[in-house]
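Presented below is the structure to which this report refers.
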Amino acid sequence: MFDSFYQYASRLVLFSNEEKRVIESFFTFRQVPKRFVLLQQGKTEREVFFINKGLLRLFYTKDGQDITAFIFREHLFASCYESFLQQQPSNQSLEALEDAELLVITYDDLQRLYKELPKMETLVRKVAEQRFINAQGILSSYILDSPEERWQKFEAVNGDLLLRVPHHMIASFLGITPVSLSRIRKRLRKG
């Protein structure tokens with residue numbers, strides 16, 4: 001159950017067998033079905049999830065429309081981080097796009113784990129640094145790239161998601177309409 005977690009973590013921090021036992025005592029395992037809402041906008045995020053299996057979507061709702069902010073895949077940590085870190089109501093929602101298997105830790109347990117195992121704080125800091133770099137890349141792409149270039153980058157890096165995520169959600173993540181995405185894809189296939 002923790003193999004993927006430790007495989008991911010080992011790129012950032014190495015844990016001894018004893019440290020692994022401590023970590024495992026703080027996490028719980030949860031299975032959720034497709035479309036399950038892990039956090040609804042307006043609620044406070046109290047958990048962080050490590051995805052063993054499945055996809056989670058972070059999204060905003062504006063004027064009745066969902067706008068995809070990020071798609072978390074297997075072997076990543078996921079949460080509405082701003083709400084989690086500030087322990088304030090979220091302006092985002094988090095849902096399962098597929099049946100998912102998650103390792104879950106609460107805010108309070110993570111604070112306790114930091115004290116018991118300082119290496120965990122190092123791991124979380126490095127994960128946060130990676131999330132910051134990813135967020136900067138997304139923001140830069142919105143500013144510097146055309147919709148077509150955003151699509152090409154998404155397809156190159158996340159091509160496997162094209163069969164797993166509805167295209168209207170990908171379009172909203174790219175900041176374009178589904179119709180525009182369809183036109184871009186058609187034009188690129190011809191070209």
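Matching residues to (1) small (Gly, Ala, Ser); (2) closer than 25 Å to ALA135 by Cα:
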residue	(1), (2)
PHE2	no, no
ARG30	no, no
VAL37	no, yes
ARG46	no, yes
GLY54	yes, yes
ARG57	no, yes
THR61	no, yes
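Quick one: in segment 81-102, which of the residues that are of a type in the set (A, V, I, L, M) and in contact with a strand residue (DSSP E or B) (Cβ under 9 Å, 6 or more places away or on another chain) is nearest to ARG30 (Cα to Cα)? So that I can check it myself, show each step before the final result.
Taking segment 81-102 and keeping what is of a type in the set (A, V, I, L, M), we get 85, 94, 96-97, 100, 102.
Those left that are additionally in contact with a strand residue (DSSP E or B) (Cβ under 9 Å, 6 or more places away or on another chain): 94, 96-97, 100, 102.
Values: LEU94: 15, ALA96: 12, LEU97: 15, ALA100: 8, LEU102: 5 Å.
The extreme case among them is LEU102.
Would segment 14-21 turn up any residue that is surrounded by 18 or more Cβ atoms within 10 Å (Cβ to Cβ), more than 15 Å from the chain's Cα centre (by Cα), in contact (Cβ under 8 Å) with a residue 12 or more places away in the chain and closer than 30 Å to ILE67 by Cα? Steps first, please.
So the first thing to find is which residues in segment 14-21 are surrounded by 18 or more Cβ atoms within 10 Å (Cβ to Cβ), and the list is 15.
Then keep just the ones that are more than 15 Å from the chain's Cα centre (by Cα); that gives 15.
Then drop every residue that is not in contact (Cβ under 8 Å) with a residue 12 or more places away in the chain, which leaves 15.
Next, from what is left, pick out any that are closer than 30 Å to ILE67 by Cα: none.
Looking through segment 14-21, none of the residues is surrounded by 18 or more Cβ atoms within 10 Å (Cβ to Cβ), more than 15 Å from the chain's Cα centre (by Cα), in contact (Cβ under 8 Å) with a residue 12 or more places away in the chain and closer than 30 Å to ILE67 by Cα.
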Worksheet item: Residue check, VAL157 against (1) within 18 Å of ARG57 (Cβ to Cβ); (2) of a type in the set (Val, Ile, Thr); (3) at pLDDT 95 or above, all met but one. Which one?
Response: (3)
Fill in: Any hit, segment 150-162, residues being among the charged types (D, E, K, R) and closer than 20 Å to CYS80 by Cβ
no
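When segment 64-113 is examined, which residues are found to be among the hydrophobic types (A, V, I, L, M, F, W, C), within 11 Å of the chain's Cα centre (by Cα) and within 24 Å of ASP160 (Cβ to Cβ)? Steps first, answer last, please.
Narrowing segment 64-113 to residues among the hydrophobic types (A, V, I, L, M, F, W, C): 67, 69-72, 76-78, 80, 84-85, 94, 96-97, 100, 102-105, 110, 113.
This time we only want the ones that are within 11 Å of the chain's Cα centre (by Cα), so: 69-72, 76-78, 80, 94, 96.
Matches in segment 64-113: ALA69, PHE70, ILE71, PHE72, LEU76, PHE77, ALA78, LEU94, ALA96.
Only one of ALA128, ALA171 is loosely packed, with under 15 Cβ neighbours inside 10 Å, assigned to a helix (DSSP H, G or I) and not hydroxyl-bearing (Ser, Thr, Tyr); which? Can you show your working first?
Values: ALA171 fails: loosely packed, with under 15 Cβ neighbours inside 10 Å.
Exactly one of ALA128, ALA171 is loosely packed, with under 15 Cβ neighbours inside 10 Å, assigned to a helix (DSSP H, G or I) and not hydroxyl-bearing (Ser, Thr, Tyr), namely ALA128.
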Worksheet entry | Neighbours by Cβ (under 7 Å, 6+ apart or cross-chain): first from segment 92-117, on the phi < 0 side of the Ramachandran plot and modelled with pLDDT of 95 or more; second basic (Lys, Arg) and part of a strand (DSSP E or B) | GLU95/ARG57; LEU97/ARG57; ALA100/LYS53; GLU101/LYS53; LEU102/ARG30; VAL104/ARG30
Discussion item. Taking the condition of being surrounded by 20 or more Cβ atoms within 10 Å (Cβ to Cβ) and either of a type in the set (Ser, Thr, Tyr) or not in a helix (DSSP H, G or I) (or both), how many residues in segment 22-58 meet it?
Written reply: 14
Practice prompt. Enumerate the pairs (first residue in segment 148-163 and in contact (Cβ under 8 Å) with a residue 60 or more places away in the chain; second residue anywhere and surrounded by 15 or more Cβ atoms within 10 Å (Cβ to Cβ) and part of a helix (DSSP H, G or I)) with beta-carbon separation below 9 Å, excluding pairs fewer than 6 apart on the same chain, so at least 6 apart or on different chains.
Written response: ASN158/ILE170; LEU161/PHE154; LEU161/ILE170
Worksheet, complete the sentence: For segment 77-95 the number of residues that are crowded, with 19+ Cβ neighbours inside 10 Å and part of a loop (DSSP other than H, G, I, E, B) is 4
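Of all residues in segment 1-21, count the ones that are farther than 17 Å from LEU76 by Cβ and assigned to a loop (DSSP other than H, G, I, E, B). Write out each step before concluding.
Applying the first criterion (farther than 17 Å from LEU76 by Cβ) to segment 1-21 yields 14-21.
Narrowing the set further to residues that are assigned to a loop (DSSP other than H, G, I, E, B) leaves 14-16.
Residues in segment 1-21 being farther than 17 Å from LEU76 by Cβ and assigned to a loop (DSSP other than H, G, I, E, B): 3 in total.
Any residue at all in segment 96-113 that is of a type in the set (Ser, Thr, Tyr), surrounded by fewer than 20 Cβ atoms within 10 Å (Cβ to Cβ) and not in a strand (DSSP E or B)? Give the steps one after another, and end with the answer.
Of the residues in segment 96-113, the ones of a type in the set (Ser, Thr, Tyr) are 106-107.
Of the ones still in play, those that are also surrounded by fewer than 20 Cβ atoms within 10 Å (Cβ to Cβ) are 106-107.
Adding the requirement that they be not in a strand (DSSP E or B) leaves 107.
Yes - at least one qualifying residue is present in segment 96-113.
The values are calculated or read from the model by the stated rules, or taken from the named source; none is laboratory data. Note that this is a predicted model, so its numbers are computed, not measured. Methodologically, a virtual Cβ is constructed for each residue, glycine included, from the backbone with ideal geometry; neighbour enumeration extends over all protein chains shown.
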